[in-house]
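In what follows, a single structure is set out as structure tokens and then discussed.
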Amino acid sequence: MPLDRLSFHGLRNLGALEMAPGPRINLISGANGSGKTSLLEGIHVLGMARSFRTQKLKSLIAHDGEEVTLFGRLEGDPPLPIGVRRRRDTPELDIRVDGERAARITQLAEALPLQLINPDAFRLLEGTPAARREFLDWGVFHAEREFLDAWKRVRRALKHRNALLRHDRIDLQSIRVWEQELAHWSERLDGLREAYMTRFAPVFEETLAALLPLPDLTLRYSRGWDRQRDLLDVFESGRETDRQMGFTQQGPQRADLRIRVGRHPAVEVLSRGQQKLVVSALKLAQGQLLEQLSERTCLYLIDDLPAELDGDHRRIFCRWLERLDCQVFITSVDHAALADVWQPRTDVVASRLADGRLHSE
């Protein structure tokens, strides 16, 4: 369901913002520092309860303000209101879904699935495995109802095993109990991830072929331990080494996505523009698969789309967005860079940010 209303108050350098977004393409242009990225950040917090710019949500509050309030309404019958408020004098977030205080942050993610394409998206190629695990688990979370419970159980068992490893003397009975728990739920989590990747890979290949044909690029899921070995045996045989290191070295917490061109990591071979198209293909494919599996659409936040892309690749990228038939918020310094890349039938709402306020183009 697309957002049909946004209301932001006290968000960074933005003034009081009231917006009725279009259901498809929303273009926001403006000079550097005008608040374009802050607008995307506000939508991101509405869907994820966290910012993509800072770990401290207090930083979102305008310098002279006491709180930030973010409100959105999802189109539907009836429409679904969602909101997030953060006060300067309290560390807790006040999260509301359909007028009620949300018991779980995941209620926001379930209501508003979104993907972000910005400079940080390059971390899928050049960053640590943690960024790629987060990307993978977003897809599994939305595709498999069992995922969240399995993921939480793995985290709990891993925390207890690591704590026992740091004791001067290991309580063998206790650590074996947690190893059995960790092995059981790790196998389950790995199965869910692998099943998702089986469905995701062909969608990604199709999307990448449309954006940037790279027949030598491969995407492979790595589970985090030797596929030929039972995980419980891995824990038992590696216990002493893990004790010396102070943490569990193998398991689903080490899972990764290997993205290579031929024999080389993709980040070492591709140009910056090619990298942007590869990470965009990963994100767009996740949204497309979400629609196939759940009949829900994914909202896209794309910060400075023209950066690193020439005119032809901008046009190809935008054609794919049109094909997805989803709601998109795109920022650009130069309005003209994206003014003529859309087909006539595409619903495009163009706005300009100036002096912290939104103006229709």
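Selection of segment 100-156 for residues being among the small types (Gly, Ala, Ser) and part of a helix (DSSP H, G or I) yields Ala109, Ala111, Ala121, Ala130, Ala131, Gly139, Ala143, Ala150.
Thr248 satisfies every condition listed in (1) under 28 Å from Ser186 (Cβ atoms); (2) in contact with a helix residue (DSSP H, G or I) (Cβ under 7 Å, 6 or more places away or on another chain); (3) open to solvent by 10 Å² or more (accessible area, probe 1.4 Å) except (3). Here Leu212, Leu165 are screened, and the one residue that is at pLDDT below 95, of a type outside the set (Lys, Arg) and closer than 30 Å to Cys318 by Cβ is Leu212. The residues listed here are Ala49, Ala102, Ala130, Ala62; of these, the one that is of a type outside the set (Phe, Trp, Tyr), within 23 Å of Ala285 (Cβ to Cβ) and open to solvent by less than 60 Å² (accessible area, probe 1.4 Å) is Ala130. Among residues of segment 184-209 being open to solvent by 40 Å² or more (accessible area, probe 1.4 Å) and among the hydrophobic types (A, V, I, L, M, F, W, C), the one that is modelled with the lowest pLDDT is Ala209. Could you say whether any residue in segment 140-157 is among the β-branched types (Val, Ile, Thr) and under 30 Å from Cys318 (Cα atoms)? Within segment 140-157, one or more residues are among the β-branched types (Val, Ile, Thr) and under 30 Å from Cys318 (Cα atoms). Residue count for segment 258-272 satisfying the condition of being open to solvent by 50 Å² or more (accessible area, probe 1.4 Å), farther than 19 Å from Glu308 by Cβ and part of a loop (DSSP other than H, G, I, E, B): 1. For segment 188-206, does any single residue satisfy the condition of being over 22 Å from the mean Cα position of the chain (by Cα) and under 28 Å from Leu289 (Cα atoms)? Yes, segment 188-206 has at least one match.
Touching a residue at least 40 places away in the same chain (Cβ under 8 Å) and open to solvent by 80 Å² or more (accessible area, probe 1.4 Å): does that describe Glu146? It is true that Glu146 is touching a residue at least 40 places away in the same chain (Cβ under 8 Å) and open to solvent by 80 Å² or more (accessible area, probe 1.4 Å).
Confirm whether Gln275 is modelled with pLDDT of 95 or more, open to solvent by less than 70 Å² (accessible area, probe 1.4 Å) and part of a helix (DSSP H, G or I). No; evaluated as a whole, the condition is false for this residue. With respect to the conditions (1) over 18 Å from Ser38 (Cβ atoms); (2) part of a loop (DSSP other than H, G, I, E, B); (3) not small (Gly, Ala, Ser), Asp64 lacks only one, and its number is (1).
Pairing each residue of segment 234-257 that is under 11 Å from Leu182 (Cβ atoms) and part of a helix (DSSP H, G or I) with any residue that is polar (S, T, N, Q) and open to solvent by 70 Å² or more (accessible area, probe 1.4 Å), provided the two are 6+ apart or on different chains, yields C-beta distances under 7 Å for Val234/Gln250.
The values are calculated or read from the model by the stated rules, or taken from the named source; none is laboratory data. Keep in mind that this is a model prediction, so the values were computed, not measured. Cβ coordinates were reconstructed from backbone atoms using ideal geometry, including for glycine residues, and neighbour counts include every protein chain displayed. Areas reflect the complete protein model, heavy atoms only, side chains present, ligands, DNA and RNA absent. Shrake-Rupley method; radii C 1.70, N 1.55, O 1.52, S 1.80 Å.
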